[in-house]
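The values are calculated or read from the model by the stated rules, or taken from the named source; none is laboratory data. It should be emphasised that the depicted structure is a prediction, and the values quoted were computed from it without experimental measurement. FYI the Cβ positions are ideal-geometry reconstructions off the backbone, even for glycines, and counts take in every protein chain you see.
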Amino acid sequence: MISKTKEIIVDNFAGGGGASTGIELATGVSVDIAINHDPDAIAMHMVNHPDTKHYCESVWDVDPREAAAGRPIGLAWFSPDCKHFSKAKGGKPVEKKIRGLAWVAVRWAATVRPRVIMMENVEEFQTWGPLRKDGRPDPVQKGRTFRSFVNALKVHGYSVEWKELRACDYGAPTIRKRLFLIARCDGRPIIWPEPTHGDPESVAVKTGKLKPWKTAADIMDWTLQTKSIFNRKKPLSENTMRRIARGIQRFVLNNPDPFIIKVNHSGDFFRGQKLDKPLQTVTAKNGWGLVDPVLIQMGYGDPEGRRVLDLKKPLGTITAGGNKFAIATSHLIKLRGTCKDGQTVTSPMPTITAGGLHVGEVRAFLTKYYGSDIGQALDSPLHTVTTKDRFGLITVKGENYQIADIGMRMLQPHELFAAQGFPAGYVIDRDANGVKYSKAKQVARCGNAVPPPFAEQLVRANLPELCGQDIPIFRNSKQAN
């Protein structure tokens, strides 16, 4: 029997379950209702939130009064399609119908009056305004419709505030920035959660007030192999090779202290980032890859002729033939876009998109350089270090190396979901009936998802009573007009 006294939670535009997951992390229970028109999104939501009632239909086709069934609504979450507001849309015409999806929040406010409404969208949502005849936003009326939307909520008795937040500041290893709007009608103040993470170089982190940003390196699966960029059956495109070259130049050749990792592996523009920072925004068109450094052991008969060593452990047995060792340096590249620089794996991840796998990992494999030799036996005296220059010759912690190979792979869906802040056990590759998802569908769900830490922190701050916490006492709290 359905309780008509317990407050329920509704996730409109539920997608693959990012907001629902964050809400569940805060409250300890699944959202009561999830709505989305996309069967693939609902299927992923169902396998991860089996206790939720699912509506696979347009948000406009769901009657709020029928869905609520007389129960009070503590929270209604809305994440309407953002593509036709985003700057990533460029100068292309936009669809008025899609831009108007946000109005469904006013419908819920008018019919079932949720105590708290939360909405997530791109920053450009604030510029929502009428379109010209050519289908492009009218710059003269920028923000007019957004202001009307806010006023409509206020007319129904809600206090309304909005603010831009970054996912990396709340524990997700991505720099994804989003606009959040909060409206509430219970007279309590709107609370914006304080950041939990920050720049490792900031005073707040160094004094222990905040945790350091989680980085791209934290979510990388170093067990995955990278395929050499050379002698491929299908050569990489010229633009991809140029981007890789720019990354090698910046993050390997010109880097005095390359990022060293442990791995198990046997246009004219380059874009990337350091791995010691949060990953840039994860979108529905994933365009990021990785280049990484490893210590490898050469000449062991495997297909690649090398095996991986743990950098934290002593070197392996020295053989009569002599062990030849190498390291690999790592960074990320984006195979689409026009940004000219890259990033290391020690930075947060960039924004992940839903349109495809376009984020790559590039690994530059370096071998010890001793003149004409590739390496040497460790039980022999150190070979003479020459001053003769070689292409790709670099110094790592005082020792000379040269590039022996460069590998590149695309980041995989489980890495991208981790970058968004999803918990490790989140099911992304199959639905509730065991039907497998393609990688493209997995990435699409990921890029369209709300990073769960956003929803978790916003709910904890504004609805502590739903999270098993006491309601703070606020002085001078006024009933919303």
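Selection of segment 21-40 for residues being closer than 21 Å to residue 63 by Cβ and either in contact with a helix residue (DSSP H, G or I) (Cβ under 8 Å, 6 or more places away or on another chain) or not in a helix (DSSP H, G or I) (or both) yields 31, 32, 33, 34, 35, 36, 37, 38.
Of the residues contained in segment 158-166, none is found to be in contact with an Asp or Glu (Cβ under 8 Å, 6 or more places away or on another chain) and either more than 30 Å from residue 220 (Cβ to Cβ) or hydroxyl-bearing (Ser, Thr, Tyr) (or both). Restricting attention to segment 58-84, the residues being at pLDDT 95 or above and not in a helix (DSSP H, G or I) number 12. For residue 232, indicate whether it is surrounded by 19 or more Cβ atoms within 10 Å (Cβ to Cβ) and either part of a loop (DSSP other than H, G, I, E, B) or at pLDDT below 95 (or both). So residue 232 does not fit the description; no. Do we have residue 426 as farther than 28 Å from residue 187 by Cα and more than 16 Å from the chain's Cα centre (by Cα) here? No: the conditions fail for residue 426.
Condition check ((1) outside any loop (DSSP other than H, G, I, E, B); (2) modelled with pLDDT of 75 or more; (3) more than 22 Å from residue 34 (Cα to Cα); (4) in contact with a Ser or Thr (Cβ under 6 Å, 6 or more places away or on another chain)) across all residues:
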residue: 377; (1), (2), (3), (4): no, no, yes, no
residue: 384; (1), (2), (3), (4): no, no, yes, no
residue: 403; (1), (2), (3), (4): yes, yes, yes, no
residue: 426; (1), (2), (3), (4): no, yes, no, no
residue: 440; (1), (2), (3), (4): yes, yes, yes, no
residue: 449; (1), (2), (3), (4): no, yes, no, no
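Figure legend. Inter-residue proximity from segment 440-452: first residues surrounded by fewer than 24 Cβ atoms within 10 Å (Cβ to Cβ), second residues assigned to a helix (DSSP H, G or I), beta-carbon distance below 6 Å, spacing 6+ or different chains. Indicated pairs: 441/40. Taken over segment 322-349, the criterion of being assigned to a loop (DSSP other than H, G, I, E, B) and at pLDDT 80 or above is satisfied by 345, 347, 348.
Do you know which residues across segment 1-11 are surrounded by fewer than 24 Cβ atoms within 10 Å (Cβ to Cβ) and either at pLDDT below 95 or not in a loop (DSSP other than H, G, I, E, B) (or both)? Answer for segment 1-11, where residues must be surrounded by fewer than 24 Cβ atoms within 10 Å (Cβ to Cβ) and either at pLDDT below 95 or not in a loop (DSSP other than H, G, I, E, B) (or both): 1, 2, 3, 4, 5, 6, 8.
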